[in-house]
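Novice: What follows is a single structure, and I will ask about it in a moment.
The values are calculated or read from the model by the stated rules, or taken from the named source; none is laboratory data. Note that the structure is a prediction, hence the values are computed from the model and not measured. Please note: Cβ atoms are built from the backbone with ideal geometry, for glycine as well, and neighbour counts cover all protein chains shown. SASA here: full protein model, heavy atoms, side chains in, ligands and nucleic acids out. Shrake-Rupley method; radii C 1.70, N 1.55, O 1.52, S 1.80 Å.
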Amino acid sequence: MPERQLAVVVLAAGQGTRMKSSTPKVLHRLAGLPLIQHVLETAGALQPDHLVTVVRHERDLVVASVLDTAPHALVVDQDDVPGTGRAVEQAVEALPAEFTGDVVVVSADVPFLDHATLEALLDQHRSASASATLLSAVLPDATGYGRVVRRDSGDVDRIVEHKDATDDERAVREINSGTYAFTVAALRTHLPRIGSANAQNEKYVTDMVGLLTGAGEVVGARAIDETWRLEGINDRVQLAAAARRLNDRIVEHWQREGVSIVDPQTTWIDRDVSLSPDVELLPGTQLRGATYVAAGAVVGPDTTLVDTEVGEGATVKRTDATLAVIGARASVGPFAYLRPNTLLSADGKIGTFVETKNVQIGEGSKVPHLSYVGDTEVGEGSNIGAGTITANYDGVHKHRTEVGSHVRTGSHNVFVAPVRIGDGAYTGAGTIVRKDVPAGALALSIAPQRNASGWVEANRPGSAAAEAAARAERTTD
Ligand code: UD1
Ligand code: CA
């Protein structure tokens, strides 16, 4: 017998009122990914024939995020009728009339649901030939969730929402996770019968359960042990708790892969980060986006890397970097700020109180202290003196600075772009480089120093400076 057809419906139309946010709830991030992305990935892993997402609140933003990971998803706009029941009804209406299989319904705000759990739900649903099967969990505190009401026989009878429940029903600790498998036939028959006479004046999809059992159809419930997988995110307290939980798991995963994490509590690692064995992460490190750290590198303390690549054996200390590439054995920080498109080659250095942006620094080249370097290319083996500023912006346009290989520039230089300093050139301390410096030349722009002897004695007689100067004269006499 061929496998039954499958549609997965992701509910994402709700306003997320309890979040009190201008960002739609399902776009709040967990380990770097919007909540809905976690759910879409799990939904997609079932390889459904149809993946449907129901949207309404901030629909354009949500749709953009959906199409990002699931370009083939069918997007359904929920109308004015509120409630999860209406959302599922419209999703089913959007399926082809000839679709005859099962419909798995998931909520975009239940991010820890995993593929194995969904697969097991669907297996149980199909092998029991049920009209509906729901995922449930027994929680120590079920407040806020819909409760699974069972008959004396133990069979599922119906679901009652927290707001509609009696005290006895609220004492039930088995919760509805909002994840279900239905036959499309059951949905087509019973969804139109759902009313909205309840505390929230909404069409609840949960009413399907009572309608089906009332009609004598088979409804199953699968209670899972990993109860945390079914926790929904409705407010920022739950979001932070979920972020902590997911981070703990990610940290443990990398520890088991050979990464040293000195302080798991203050180390935050996004889901799409990848790390090699023998990486060491020091306290206060946040690795975000698609950051990659190669073997033997030491990152932290107090470092945030976003979409950044760190090479083998590099050290990155007290640094903030975005879209940067740090080469093997290179050293960055402490107190460095690497802005997008910073490329530091192998054995290079970006040191203390240095800001970079759109720079390519060649092998072994160094920007060690107190500098701003932007829109610049530096060759190999060069050293940029302490306190150097690239003046790359004339107020209208950005210009490039080019520094060759084996260049030595003096302290406190300004490179006024566009300008080029040739291979092997030197610049004196305090030089303002406005013209190109030929290879091998020494550039000086400061007037020779003139000392006015006896100036202090003449102009500040009797001062501590004058007395110190007089003492110095006596000892050198
Ligand atoms: C829902 C369930 C509840 C269950 C809980 C599990 C209902 C009536 N209640 O409650 O039994 O214990 O999930 O987390 O289903 N949505 C729409 N359209 C709407 C309303 C909501 O698409 O008109 C979406 C939301 O974006 C969300 C999901 O459906 O992703 C669940 O909605 P939410 O308001 O969070 O339901 P809960 O009150 O948590
Ligand atoms: Ca919810």
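Novice: Answer with yes or no whether Leu211 is within 15 Å of ligand 1 (Cβ to nearest atom), closer than 30 Å to Glu98 by Cα, of a type in the set (A, V, I, L, M) and in contact with a helix residue (DSSP H, G or I) (Cβ under 9 Å, 6 or more places away or on another chain).
Specialist: Yes; evaluated as a whole, the condition is true for this residue.
Novice: So is His406 open to solvent by 50 Å² or more (accessible area, probe 1.4 Å), out of contact with any Lys or Arg (no Cβ under 8 Å at 6 or more places or on another chain) and at positive phi or not?
Specialist: yes
Novice: For region 213-227, which residues satisfy the criterion of being in contact with an Asp or Glu (Cβ under 8 Å, 6 or more places away or on another chain) and of a type in the set (S, T, N, Q)?
Specialist: Correct list: Thr213 only.
Novice: Give me the residue from region 293-317 that is open to solvent by 70 Å² or more (accessible area, probe 1.4 Å) and under 20 Å from the mean Cα position of the chain (by Cα) and, out of that set, nearest to Trp254 (Cα to Cα).
Specialist: Among those residues, the one meeting the criterion is Glu309.
Novice: Select the strands (runs of 3 or more DSSP E) contained entirely in region 366-477, then report the ones holding at least 2 residues which are at pLDDT below 95. Full working, then the answer.
Specialist: Numbers: elements: 366-378, 389-391, 401-403, 414-416, 419-421.
Result: empty, no element qualifies.
Conditions tested, residue by residue: (1) within 14 Å of ligand 1 (Cβ to nearest atom); (2) over 18 Å from Glu226 (Cβ atoms); (3) touching a residue at least 40 places away in the same chain (Cβ under 8 Å).
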{"residue": "Ala137", "(1), (2), (3)": "yes, no, yes"}
{"residue": "Arg151", "(1), (2), (3)": "no, yes, no"}
{"residue": "Asp168", "(1), (2), (3)": "no, yes, no"}
{"residue": "Ala185", "(1), (2), (3)": "no, yes, yes"}
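Novice: Look through Ala241, Ala223 and report the one residue that is out of contact with any Lys or Arg (no Cβ under 9 Å at 6 or more places or on another chain), of a type outside the set (S, T, N, Q) and away from ligand 1 (no atom under 14 Å from the Cβ). Even if it seems obvious, please write down each step before you answer.
Specialist: Details: Ala223 fails: away from ligand 1 (no atom under 14 Å from the Cβ).
After applying the criteria, what remains is Ala241.
Novice: Still on this structure: Of the residues that sit in region 362-403 and are aliphatic (A, V, I, L, M) and open to solvent by 20 Å² or more (accessible area, probe 1.4 Å), which one is farthest from Val316 (Cα to Cα)? Give the derivation first.
Specialist: Step one: list which residues in region 362-403 are aliphatic (A, V, I, L, M), which gives 367, 370, 373, 378, 384, 386, 389, 391, 396, 403.
Keeping just the survivors that are open to solvent by 20 Å² or more (accessible area, probe 1.4 Å) gives 370, 386, 389, 391, 396.
Values: Leu370: 17, Ala386: 19, Ile389: 22, Ala391: 26, Val396: 34 Å.
Taking the candidates together, the pick is Val396.
Novice: Checking the condition within 18 Å of Thr303 (Cα to Cα) and among the basic types (Lys, Arg), which residue from Arg271, Arg244, Arg256 passes?
Specialist: Working: Arg244 fails: within 18 Å of Thr303 (Cα to Cα); Arg256 fails: within 18 Å of Thr303 (Cα to Cα).
One residue alone meets the criteria, Arg271.
Novice: Another question, then. Give region 97-109 a look and list any residue that's surrounded by fewer than 22 Cβ atoms within 10 Å (Cβ to Cβ) and either within 16 Å of ligand 2 (Cβ to nearest atom) or among the acidic types (Asp, Glu) (or both), or say none.
Specialist: Glu98
Novice: Is region 249-272 home to any residue that is within 19 Å of the chain's Cα centre (by Cα), within 30 Å of Arg147 (Cα to Cα) and either open to solvent by less than 30 Å² (accessible area, probe 1.4 Å) or not aliphatic (A, V, I, L, M) (or both)?
Specialist: Yes, region 249-272 contains a residue that is within 19 Å of the chain's Cα centre (by Cα), within 30 Å of Arg147 (Cα to Cα) and either open to solvent by less than 30 Å² (accessible area, probe 1.4 Å) or not aliphatic (A, V, I, L, M) (or both).
Novice: Turning to a different aspect of this structure: Restricting to region 195-208, give me the number of residues that are in a loop (DSSP other than H, G, I, E, B) and near ligand 1 (Cβ under 10 Å from one of its atoms). Full working, then the answer.
Specialist: Taking region 195-208 first, the residues in a loop (DSSP other than H, G, I, E, B) are 195-206.
Checking the rest, the ones that are also near ligand 1 (Cβ under 10 Å from one of its atoms) come to 198, 200, 202-206.
Residues that pass the stated criteria total 7.
Novice: Can you tell me which residue among Val419, Val456, Val433 is crowded, with 17+ Cβ neighbours inside 10 Å and farther than 18 Å from Ala386 by Cβ?
Specialist: Details: Val456 fails: crowded, with 17+ Cβ neighbours inside 10 Å; Val433 fails: farther than 18 Å from Ala386 by Cβ.
Being crowded, with 17+ Cβ neighbours inside 10 Å and farther than 18 Å from Ala386 by Cβ holds for just one of Val419, Val456, Val433, which is Val419.
Novice: For region 209-235, name all the residues that are among the hydroxyl-bearing types (Ser, Thr, Tyr) and open to solvent by 30 Å² or more (accessible area, probe 1.4 Å).
Specialist: If the condition is that a residue be among the hydroxyl-bearing types (Ser, Thr, Tyr) and open to solvent by 30 Å² or more (accessible area, probe 1.4 Å), then Thr227 is the only one that fits.
Novice: Another question, then. Would you mind stating whether Leu139 is within 16 Å of ligand 2 (Cβ to nearest atom), under 30 Å from Thr23 (Cα atoms) and either hydrophobic (A, V, I, L, M, F, W, C) or in the same structural domain as Ser196 (by TED's automatic domain parsing) (or both)?
Specialist: Values: within 16 Å of ligand 2 (Cβ to nearest atom): yes; under 30 Å from Thr23 (Cα atoms): yes; either hydrophobic (A, V, I, L, M, F, W, C) or in the same structural domain as Ser196 (by TED's automatic domain parsing) (or both): yes.
Yes, satisfied.
Novice: Which of the following residues is buried (at least 19 other Cβ atoms within 10 Å of the Cβ) and among the aliphatic types (A, V, I, L, M): Ala324, Ala346, Ala290?
Specialist: After applying the criteria, what remains is Ala324.
Novice: Scan region 114-123 and give yes if some residue there is assigned to a loop (DSSP other than H, G, I, E, B) and open to solvent by 10 Å² or more (accessible area, probe 1.4 Å), otherwise no.
Specialist: Within region 114-123, the first condition is being assigned to a loop (DSSP other than H, G, I, E, B), and the residues that meet it are 114.
Filter once more, keeping what is open to solvent by 10 Å² or more (accessible area, probe 1.4 Å): 114.
Scanning region 114-123, I find at least one residue that is assigned to a loop (DSSP other than H, G, I, E, B) and open to solvent by 10 Å² or more (accessible area, probe 1.4 Å), so the answer is yes.
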